[in-house]
1. For the range 288-308, indicate whether the set of residues that are more than 25 Å from residue 40 (Cβ to Cβ), among the acidic types (Asp, Glu) and out of contact with any strand residue (DSSP E or B) (no Cβ under 6 Å at 6 or more places or on another chain) is non-empty.
2. Any idea which residue in the range 36-50 is nearest to residue 173 (Cα to Cα), counting only those that are surrounded by 13 or more Cβ atoms within 10 Å (Cβ to Cβ) and more than 9 Å from ligand 1 (Cβ to nearest atom)?
3. Out of the residues in the range 255-276 that are surrounded by fewer than 19 Cβ atoms within 10 Å (Cβ to Cβ) and not small (Gly, Ala, Ser), state the one that is nearest to residue 352 (Cα to Cα).
4. Are any residues in the range 392-414 modelled with pLDDT under 95, of a type in the set (A, V, I, L, M) and either in a loop (DSSP other than H, G, I, E, B) or within 23 Å of residue 234 (Cβ to Cβ) (or both), and if so, which ones?
5. State which residue pairs qualify: first residue under 12 Å from residue 264 (Cβ atoms) and inside the range 355-373, second residue assigned to a loop (DSSP other than H, G, I, E, B) in any location, beta carbons under 9 Å apart, and separation of 6 or more residues or different chains.
6. With the requirement that a residue be of a type outside the set (Ser, Thr, Tyr) and either buried (at least 21 other Cβ atoms within 10 Å of the Cβ) or in contact with a strand residue (DSSP E or B) (Cβ under 7 Å, 6 or more places away or on another chain) (or both), what does the range 334-352 give you?
7. Being more than 8 Å from ligand 2 (Cβ to nearest atom) and more than 13 Å from residue 268 (Cα to Cα) is the filter; apply it to the range 329-344 and report the residue that is modelled with the lowest pLDDT.
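The values are calculated or read from the model by the stated rules, or taken from the named source; none is laboratory data. Just so you know, these numbers come straight off a predicted model, no measurement behind them. Don't worry about glycine lacking a Cβ; one is built from the backbone with ideal geometry, like all the others, and counts go over all protein chains shown.
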Amino acid sequence: MKTKRSGSSFNSLNSKRKLESIFLFTTGKCNAKCAMCFYANDMEKKAQDLSFEDIKKLSETAGSFKRLWLSGGEPTLREDLPEIIEMFYRNNHITDINFPSNGIKTDLLIGWLKRLRQSCPDSNISISISLDGFGETHDVQRGVPSFYRAAETLKKIDDNFRDDGHVIKNIATVITKYNVQEIIDFVTWVYGRFNVSTHTIEAARGLTREEGVKVLTEKSLREIQDTIAPFYLLYARRIGEGMNAIGRGLTKFFYVGLMRAMYNIRAANLEKPSCWNMDCTAGETTLVIDYDGRFRSCELREPIGNVKDYGCDVQKILHGEAMKKEIEAIGYGYKANCWCTHGCWIMSSITFNPGKMLSMLIKSNRETKRLVRPLRVNETVLRELEDKYRIDRDKLAEIGLIPPPAAPEEARAGVA
Ligand code: SF4
Ligand code: SF4
């Protein structure tokens, strides 16, 4: 049965600032060793994860808010995560769950998604699987062999939730020295082989596990962004399938505009802080809670306390002196001049600056229109890429991403 996505991120356009998103680092454990991980140092501390009871108190005091962004560590390593999400759904009426995963624990993840669709029927779940490059590139960047596993996870998510509008499928790629040379080919291949709603590319950020992985300059990032811009028109078309003409038009306008606006801000901030031309609402609309209870206004600023010192009471945290001072110090980004490349905060802040947003969207759509060029994404191109990057097509067939190779007799029949 087809189900439609309830509401949309675009519906959150709102100039009244209040808590909108909690970013919960569910665990300090991870089963990967990514070269560009900005959280490796924090995980190294091997502190205790917040207990279920601590998180329960946080949920009970947070009031209603829209989005729960999971983070980590690898969220699937926290065994009680489904209960935690269900608790936020019941207590806080969350409408969007952002669920990133490295996609290694395939069956567990599929089982959890099925469960959450039953227990949280009105929430949208954006599941974002990391895929950083072709085969070995992905494995080297992730520090564990996981390319085919992550691909299998994506295929299974699509098989299970293809007609479910509440499950939004995303692939996330972080650009580093390992994949920068193949990123355009990879974006092409991803679009052709996976039925996902979007493919986001992030520039490595923060203090990375491995030094020297950040190789992008503003110029090279803008070149990449310009080259892949036409793909976002294709994704917009994919998302809009089944909608009427007005729905398709609005989807294209918002989706293409937001992606381009975010990418423009990211490029401008890659080498130096550069004003977003809108307020950053970190701390006012967002709260980050680390796995061990430290909290911050955004992922890139320093922790300003520990939730345990506030009895895990979110209202006390939000209205406490430490957060007030932090918001004052940030000054909507202008005072701290800490403008960053972080897409989650850029997107969140855009929705709280509706006036600025409209002009950004119009400009971004115009820019994207100028970048349109014919794209070749067909079976021949995809096979050429798989040969070029030594992808094991038998494994792709096993996963179900491509048809199985023809049996010898069928192949002969085909030749005849
Ligand atoms: S980037 Fe994510 S998956 Fe990779 S090591 Fe860090 S927490 Fe784990
Ligand atoms: S600009 Fe970036 S680093 Fe500064 S407060 Fe906003 S999200 Fe945080």
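1. First pass over the range 288-308, keeping only residues more than 25 Å from residue 40 (Cβ to Cβ): none.
No, there is no match, as no residue in the range 288-308 is more than 25 Å from residue 40 (Cβ to Cβ), among the acidic types (Asp, Glu) and out of contact with any strand residue (DSSP E or B) (no Cβ under 6 Å at 6 or more places or on another chain).
2. Of the residues in the range 36-50, the ones surrounded by 13 or more Cβ atoms within 10 Å (Cβ to Cβ) are 36-40, 42-43, 47, 49-50.
Among the residues that remain, those that are also more than 9 Å from ligand 1 (Cβ to nearest atom) are: 42, 47, 49-50.
Details: 42: 22, 47: 28, 49: 27, 50: 29 Å.
Going through the qualifying residues, I end up with 42.
3. It comes out as 275.
4. Here is the first cut: in the range 392-414, the ones modelled with pLDDT under 95 are 403-414.
Applying the additional criterion that residues be of a type in the set (A, V, I, L, M) yields 406-407, 411, 413.
Within the range 392-414, 406, 407 meet the criteria.
5. 360/277; 360/278; 360/353
6. Taking the range 334-352 first, the residues of a type outside the set (Ser, Thr, Tyr) are 335-340, 342-347, 350, 352.
Those that are of a type outside the set (Ser, Thr, Tyr) and either buried (at least 21 other Cβ atoms within 10 Å of the Cβ) or in contact with a strand residue (DSSP E or B) (Cβ under 7 Å, 6 or more places away or on another chain) (or both): 340, 342, 343, 344, 345, 346, 350, 352.
7. 344
One line per residue, one yes/no per condition, for (1) more than 26 Å from residue 174 (Cβ to Cβ); (2) modelled with pLDDT of 95 or more; (3) part of a helix (DSSP H, G or I); (4) away from ligand 1 (no atom under 16 Å from the Cβ):
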position: 317; (1), (2), (3), (4): yes, yes, yes, yes
position: 322; (1), (2), (3), (4): yes, yes, yes, yes
position: 325; (1), (2), (3), (4): yes, yes, yes, yes
position: 346; (1), (2), (3), (4): no, no, yes, yes
position: 359; (1), (2), (3), (4): yes, no, yes, yes
position: 364; (1), (2), (3), (4): no, yes, yes, yes
position: 372; (1), (2), (3), (4): yes, no, no, yes
position: 384; (1), (2), (3), (4): no, yes, yes, yes
position: 390; (1), (2), (3), (4): no, yes, no, yes
